[in-house]
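Below you'll find the structure, written out as structure tokens, and then a few comments.
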Amino acid sequence: MIIADIMTAKPVTVDMDTELLVIKEIFDHVYFHHLLVEDETDKTFVGVISDRDLLSAISPYIHTAAETWRDQETLKKRAHQIMSRQVDTVTPATDCNSAVQKMLSADISCMPVVDDNNVILGIVTWKDFLTSYLKQQSPENYKHLIMKQD
């Protein structure tokens, strides 16, 4: 099996100058945990921001009674200030087993999927691998699991 079989195509992306306020709004309204950062000029991959990266970068007092102007200022930081830059990537043709090994050895939970020019095509996460495994091992149980989530 290859990454193209299980990846999420066309993931949500932000550019390097996107303010954390915008990134927070995205994470507040979606079910995923990673945003890919792209260079706005050539749409190439430059980094990843996780919801945990965001939480550690903003003030814990945002939107509380104890909030101050300095807390609000943390939301004006830019994506490039908190993103992870040295990130392993895969291509759609990468074997899933080698991608899982990379993720486990690097202790990461996602990998951007890029083409030969480093343009973002998708993202693959540990949930994609688990979902694929479950589909293969027990298609009937997988159907029941999906029905419970709806």
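The values are calculated or read from the model by the stated rules, or taken from the named source; none is laboratory data. Computed from a predicted model, the values in this text were never measured in an experiment. With ideal geometry, Cβ positions are generated from the backbone for all residues, glycine too; neighbour counts draw on all protein chains shown.
Filter region 29-41 down to the residues that are charged (D, E, K, R) and without any contact (Cβ under 8 Å) to a residue 40 or more places away in the chain, then identify the one that is nearest to Thr125 (Cα to Cα). The qualifying residue nearest to Thr125 (Cα to Cα) is Asp39. Give the residue that is modelled with the lowest pLDDT, with candidates limited to residues of region 51-84 that are β-branched (Val, Ile, Thr) and not in a loop (DSSP other than H, G, I, E, B). So the residue we want is Thr74.
Of the residues making up region 1-30, those that are within 26 Å of Glu73 (Cα to Cα) and either outside any strand (DSSP E or B) or not β-branched (Val, Ile, Thr) (or both) number 17. Of the numbered conditions (1) of a type in the set (A, V, I, L, M); (2) under 18 Å from Val124 (Cα atoms); (3) at pLDDT 95 or above, Val87 satisfies every one except a single condition; which is it? Here Val87 clears every test but (3).
Pairing residues of region 1-21 that are under 23 Å from Asp53 (Cα atoms) with residues that are polar (S, T, N, Q) and in a loop (DSSP other than H, G, I, E, B), at Cβ distances under 9 Å and at least 6 apart in sequence or on separate chains, gives no pairs at all.
Restricted to region 107-135, and to residues there that are modelled with pLDDT of 95 or more, in contact with an Asp or Glu (Cβ under 9 Å, 6 or more places away or on another chain) and aliphatic (A, V, I, L, M), the residue that is farthest from Ile3 (Cα to Cα) is Val119. Residues in region 103-126 that are part of a helix (DSSP H, G or I) and exposed (fewer than 15 other Cβ atoms within 10 Å of the Cβ): Leu104, Ser105, Ala106, Trp126. Return the residue satisfying two criteria in turn: it lies in region 85-102 and is in a loop (DSSP other than H, G, I, E, B) and in contact (Cβ under 8 Å) with a residue 40 or more places away in the chain, and of such residues it is surrounded by the most Cβ atoms within 10 Å (Cβ to Cβ). The extreme case among them is Thr89.
Counting residues in region 104-122 that are free of Cβ contacts under 8 Å to residues at least 12 places away in the same chain, farther than 17 Å from Val12 by Cα and in contact with a Leu (Cβ under 8 Å, 6 or more places away or on another chain) gives zero.
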